1. I'm told Ile204 meets every condition in (1) surrounded by fewer than 24 Cβ atoms within 10 Å (Cβ to Cβ); (2) β-branched (Val, Ile, Thr); (3) within 16 Å of the ligand (Cβ to nearest atom) except one. Can you identify the failing condition by its number?
2. Spot the failing condition for Asn49; the list is (1) surrounded by fewer than 13 Cβ atoms within 10 Å (Cβ to Cβ); (2) in the same structural domain as Leu326 (by TED's automatic domain parsing); (3) over 19 Å from Gln344 (Cβ atoms), and only one is missed.
3. Of all residues in the stretch 139-177, count the ones that are free of Cβ contacts under 8 Å to residues at least 24 places away in the same chain and within 14 Å of the ligand (Cβ to nearest atom).
4. Using the structure shown, decide if Ser43 is within 16 Å of the ligand (Cβ to nearest atom) and not assigned by TED's automatic domain parsing to the domain that holds Val235.
5. Name the single residue, out of those in the stretch 247-272 being assigned to a strand (DSSP E or B) and of a type in the set (Gly, Ala, Ser), that is nearest to the ligand (Cβ to nearest atom).
6. What are the residues in the stretch 178-192 that are touching a Pro at 6+ places or on another chain (Cβ under 8 Å) and away from the ligand (no atom under 12 Å from the Cβ), if any?
7. Taking Ser279 as meeting all but one of (1) away from the ligand (no atom under 12 Å from the Cβ); (2) surrounded by fewer than 24 Cβ atoms within 10 Å (Cβ to Cβ), write down the number of the exception.
8. Before we move on, is Ala178 crowded, with 19+ Cβ neighbours inside 10 Å, in contact with a Leu (Cβ under 8 Å, 6 or more places away or on another chain) and modelled with pLDDT of 95 or more?
Amino acid sequence: MDIIEIENKHGAGTYTKQPLVIVRGQGALLFDVDGVEYLDCSSGHGVANLGHAHPKIAEAIYKQASTLITLFETFPNDKRAELMEKVTSLVNGLDRVFFCNSGTESVEAAFKFARISTGRKNIVAAMRAFHGRTYGALSATFNKKYREGFEPLVPGFSHVAYNNIGALDKAVTDETAAVILEVVQGEGGVYPASAEYIQAARRICDERGALLIVDEIQTGFGRTGRMFAIQHFGVTPDLLTCAKSLAGGVPIGAVLIGKKVQNLTPGVHGSTFGGNPLSCAAGVAALTVMEEEDLPGQAEAKGKYLMEKLKKIESPNIREVRGLGLMIGIEMKQKVAPYIKALQEKKIIVLNAGMTVIRLLPPLVITYEQIDHLVDVLAEALSADSVTE
Ligand SMILES: *Cc1c(COP(=O)(O)O)cnc(C)c1O
């Protein structure tokens with residue numbers, strides 16, 4: 001049986017499969033079984049910020065795998081301690097960290113910490129928000145496509161319009177444990193927050209004694225032109241969730257924790273794989289590469305370059321181009337599935353964000369030549385006036 005048939009037969013059925021078997025990557029490129037080259041503008045949904053098969057990540061994984069892969073967090077470890085120091089040095093005031101294994105787990109941890117810290121139950125999230133697919137995170141996720149059929153969800157969650165200070169002000173009360181926000185909404189359609197909104201969220205939370213959680217799972221680690229997107233706005237959250245590219249592609253999640261978060265005592269939370277030396281070693285290597293190669297700076301410069309070129313594309317099919325750094329959404333006037341298919345036929349892999357937005361999340365190491373090529377192909381594909389499914 002061929003690879004696609006095997007996956008269709010034995011996979012759970014929860015994914016729409018592309019007709020494309022990918023076996024290898026290098027920088028911003030992916031290669032299929034026949035060696036055909038694709039420009040990856042998805043980074044596995046924002047995981048491969050450092051590019052594929054980075055030699056320093058590969059070396060760190062190999063070395064740690066032949067030293068010690070697993071160790072429960074009750075035993076201190078050299079690599080874990082190193083990652084703790086490095087990751088907590090990224091944001092002033094977030095000096096503690098809880099390690100887990102994925103984005104949604106970091107959101108779950110943040111909610112538990114918010115409730116145990118404040119003694120309150122309610123969480124306020126935003127419309128269009130995506131925070132993950134396990135029950136707590138799903139309860140904060142807005143789109144009914146993810147929620148329908150899984151009720152009852154966790155009580156205590158509500159959603160308010162994004163980028164709307166008045167709505168947030170009304171929703172947060174003295175019974176609110178936390179507000180959770182993405183700094184740029186990713187799955188929801190690539191909508192950046194305004195500086196005023198994020199700053200107001202900080203002020204409203206402080207006034208009512210609620211904690212501010214920012215979900216930087218997609219926006220983190222250089223993607224938007226800063227190490228974390230919140231750093232564009234001079235705001236420090238109480239809890240910051242991250243995952244995707246923290247360990248260069250090895251599964252990991254983390255919650256960075258501020259001073260106001262209390263009551264984190266033994267037994268409050270835990271994870272078998274959390275803080276394992278293998279992913280911590282990969283994390284140390286990834287953060288080192290991010291600094292050495294100044295990936296946030298690269299994302300800022302390349303994002304600006306790409307954005308300017310995209311805004312010059314003259315097509316009646318494009319409604320708006322928006323984003324921050326190398327997190328860019330192209331909102332079309334029609335459904336994007338046929339465009340995404342056409343781009344894939346031209347050897348470019350992009351994502352959607354909802355029905356009408358093409359989302360670009362290339363590895364931050366994408367070259368200027370690759371960006372030029374991307375723009376050329378996009379200009380042609382997005383101008384075609386009769387794309388049908
Ligand atoms: C991807 C993502 C998640 C979920 O992460 P998983 O590792 O898939 O559980 C949560 N929040 C945001 C903003 C994300 O982009």
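1. (3)
2. Result: Asn49 fails condition (1) only.
3. 3
4. Values: within 16 Å of the ligand (Cβ to nearest atom): yes; not assigned by TED's automatic domain parsing to the domain that holds Val235: yes.
It is true that Ser43 is within 16 Å of the ligand (Cβ to nearest atom) and not assigned by TED's automatic domain parsing to the domain that holds Val235.
5. Filtering the stretch 247-272 down to residues assigned to a strand (DSSP E or B) leaves 253-258.
Pick out the ones that are also of a type in the set (Gly, Ala, Ser) and you get 253-254, 258.
Numbers: Gly253: 7, Ala254: 11, Gly258: 19 Å.
Selected residue: Gly253.
6. Matches in the stretch 178-192: none.
7. Of the numbered conditions (1) away from the ligand (no atom under 12 Å from the Cβ); (2) surrounded by fewer than 24 Cβ atoms within 10 Å (Cβ to Cβ), the odd one out for Ser279 is (2).
8. Values: crowded, with 19+ Cβ neighbours inside 10 Å: yes; in contact with a Leu (Cβ under 8 Å, 6 or more places away or on another chain): yes; modelled with pLDDT of 95 or more: yes.
Here the answer is yes, as Ala178 does meet what is asked.
The values are calculated or read from the model by the stated rules, or taken from the named source; none is laboratory data. The structure presented is a predicted model; accordingly, all values stated were derived computationally and were not measured. Heads up, the Cβs are rebuilt from the backbone with ideal geometry, glycines too, and the neighbour counts pull from every protein chain shown.
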